[in-house]
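S.K.: A single structure is presented below for examination.
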Amino acid sequence: MGSGFEDGQQAQLELAGLRRSLKWTNIQREQLLDRLDLLRLDNQRLQERVDELERQLAEFKQQQALF
């Protein structure tokens with residue numbers, strides 16, 4: 001009977017460890033999703049800046065061709 005009790009305790013400890021791991025994994029997942037959102041926003045801002053600079057460059061080239 002003692003080994004059954006020990007097996008039960010071991011299973012409970014293992015289950016508690018798995019629950020902690022799952023909770024931590026979920027926290028990490030949320031943090032990664034937040035970082036991904038921020039990176040997407042940064043990427044969008046950078047793309048808008050690139051588009052603006054390309055427009056400016058095209059305008060400069062057009063003006064330069066006039067002179």
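S.K.: Given a 10 angstrom Cα cut-off, can you work out which residue in GLN47, GLN31, GLN12 is the most mobile in a GNM of the chain?
M.R.: Residue with maximal mean-square fluctuation among GLN47, GLN31, GLN12: GLN12.
S.K.: Could you look at the stretch 10-67 and say what percent of its accessible area is carbon and sulfur, using a 1.4 Å probe and all protein chains?
M.R.: 57 percent
S.K.: If you don't mind, there's one more thing I want to ask. Put PHE5, PHE67 in order of accessible area, largest first, 1.4 Å probe: what do you get?
M.R.: PHE67, PHE5
S.K.: Note down, for the chain, the three equivalent ellipsoid semi-axes (square root of 5 times each alpha carbon gyration tensor eigenvalue), biggest first, whole angstrom.
M.R.: Computed over the chain, the values are 64, 7, 4 Å.
S.K.: On a 1.4 Å probe surface of the protein chains, which of ARG29, ARG19 comes out largest in accessible area, and what is the full order?
M.R.: Largest accessible area first, the residues go ARG19, ARG29.
S.K.: Report, in deg cm²/dmol and to the nearest 500, the calculated mean residue ellipticity at 222 nm for the chain, where each DSSP H run with n ≥ 4 adds -39500 (n - 2.57) and the sum is divided by the residue count.
M.R.: On the way: 1 runs with 65 residues, N = 67.
Theoretical 222 nm ellipticity from helices: -37000 deg cm²/dmol.
The values are calculated or read from the model by the stated rules, or taken from the named source; none is laboratory data. Just so we're clear, the structure is a prediction, and the values are computed from it rather than from any experiment. These area figures cover heavy atoms from the full protein model, side chains too; ligands, DNA and RNA do not enter into them. Shrake-Rupley method; radii C 1.70, N 1.55, O 1.52, S 1.80 Å.
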